[in-house]
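Take a look at the structure below.
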Amino acid sequence: MLEGNRGAYVPQDGGESVWLVGDRITVKLTSEDTGGVYSVAEEISPPQGGPPPHTHSQVEETLYVLEGEVEFLLGEDTIPAGAGSCVYVPRGALHTFKNVGTSPSRVLAVLSPGGFEKFFLEAGEPAPEGSSPPEGEPDVGRIVEIGQKYGLEIPPPPPPPGQ
């Protein structure tokens, strides 16, 4: 890492990584690195993985697909996206993505202003290189509670058709 007002550098294998809902999230730049302007995280999702639908009241998000085939939900729109695709998510918009491919996907998230990366680090479980996701179901109640501190809301899933 560079010191002072000279910018920031994180090597390819650098950053702090956590497991969160089965995905490996690596914070590459923190709000401290950018003077609070934004933060950057890389999310690696297994096939059928990805975060639950959610909203952010305090941050805007830009998601860039580095590898794989994902499907974004933005509001009511479903958007198929491959490597090189980019989606902007304004504050308050319901969104998510799902890896619809057969190999892991890599999505880069730029969050503005910075600070939301602290949610990942607080809610996730440490993910040292070579580790596997924790077994069992994630503690959704804990994740929701931590998320509220950062303006994250995870609405309940809609009822099954016919109910």
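The values are calculated or read from the model by the stated rules, or taken from the named source; none is laboratory data. Computed from a predicted structure; not experimentally measured. Cβ sites come from the backbone with ideal geometry, for glycine too, and all protein chains shown count toward neighbours.
Within segment 73-88, work out how many residues are more than 16 Å from E42 (Cα to Cα) and not charged (D, E, K, R). Working first, answer last.
Step one: list which residues in segment 73-88 are more than 16 Å from E42 (Cα to Cα), which gives 73-81.
Those left that are additionally not charged (D, E, K, R): 73-75, 78-81.
Residues in segment 73-88 being more than 16 Å from E42 (Cα to Cα) and not charged (D, E, K, R): 7 in total.
Name the pairs whose Cβ atoms lie under 6 Å apart, with the first residue in segment 142-163 and free of Cβ contacts under 8 Å to residues at least 60 places away in the same chain, the second outside any strand (DSSP E or B), and 6 or more positions between them or separate chains?
Close Cβ pairs (under 6 Å, with a partner that is outside any strand (DSSP E or B)) amount to V144/I154; I146/E122; I146/A123.
Determine if segment 8-18 includes at least one residue that is under 21 Å from K118 (Cβ atoms) and among the charged types (D, E, K, R).
yes
Identify, please: which residue in segment 111-130 is under 13 Å from the mean Cα position of the chain (by Cα) and crowded, with 20+ Cβ neighbours inside 10 Å and is, among those, nearest to T30 (Cα to Cα)?
For segment 111-130, the residue satisfying everything is E117.
Go through segment 106-141 and give me each residue that's among the small types (G, A, S) and in contact with a helix residue (DSSP H, G or I) (Cβ under 8 Å, 6 or more places away or on another chain).
The one that is among the small types (G, A, S) and in contact with a helix residue (DSSP H, G or I) (Cβ under 8 Å, 6 or more places away or on another chain): A123.
In segment 114-124, is there at least one residue being farther than 28 Å from A81 by Cβ and not hydroxyl-bearing (S, T, Y)?
Step one: list which residues in segment 114-124 are farther than 28 Å from A81 by Cβ, which gives 122.
This time we only want the ones that are not hydroxyl-bearing (S, T, Y), so: 122.
Yes, segment 114-124 has at least one match.
Checking V107 against (1) more than 22 Å from Q12 (Cα to Cα); (2) touching a Gly at 6+ places or on another chain (Cβ under 9 Å); (3) part of a strand (DSSP E or B), which single condition isn't satisfied?
(1)
Condition test on E153, is it surrounded by fewer than 16 Cβ atoms within 10 Å (Cβ to Cβ) and either farther than 18 Å from W19 by Cα or at pLDDT below 95 (or both)?
Details: surrounded by fewer than 16 Cβ atoms within 10 Å (Cβ to Cβ): yes; either farther than 18 Å from W19 by Cα or at pLDDT below 95 (or both): yes.
Considered against the rule, which asks whether it is surrounded by fewer than 16 Cβ atoms within 10 Å (Cβ to Cβ) and either farther than 18 Å from W19 by Cα or at pLDDT below 95 (or both), E153 comes out as yes.
Give the residue that is farthest from G36 (Cα to Cα), with candidates limited to residues of segment 88-110 that are within 13 Å of the chain's Cα centre (by Cα) and in contact (Cβ under 8 Å) with a residue 60 or more places away in the chain.
Going through segment 88-110, the residues within 13 Å of the chain's Cα centre (by Cα) turn out to be 89, 95-99, 105-110.
Cutting the leftovers down to in contact (Cβ under 8 Å) with a residue 60 or more places away in the chain gives us 105-110.
On the way: S105: 28, R106: 24, V107: 22, L108: 18, A109: 15, V110: 12 Å.
If we take residues in segment 88-110 being within 13 Å of the chain's Cα centre (by Cα) and in contact (Cβ under 8 Å) with a residue 60 or more places away in the chain, then S105 is farthest from G36 (Cα to Cα).
Yes/no per residue for (1) at pLDDT 95 or above; (2) more than 16 Å from T62 (Cβ to Cβ); (3) among the aromatic types (F, W, Y); (4) out of contact with any Ser or Thr (no Cβ under 8 Å at 6 or more places or on another chain):
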residue	(1), (2), (3), (4)
H95	yes, no, no, no
T102	yes, yes, no, yes
A109	yes, no, no, no
F119	yes, yes, yes, yes
E122	yes, yes, no, yes
P126	yes, yes, no, no
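Would you mind listing the strands (runs of 3 or more DSSP E) fully within segment 1-92 where at least 2 residues are surrounded by 15 or more Cβ atoms within 10 Å (Cβ to Cβ) and of a type in the set (G, A, S)? Break it down into steps so the answer makes sense when it comes.
Values: elements: 16-20, 23-29, 39-45, 60-67, 69-74, 77-82, 86-89.
In segment 1-92, 39-45 are the strands (runs of 3 or more DSSP E) which contain 2 or more residues that are surrounded by 15 or more Cβ atoms within 10 Å (Cβ to Cβ) and of a type in the set (G, A, S).
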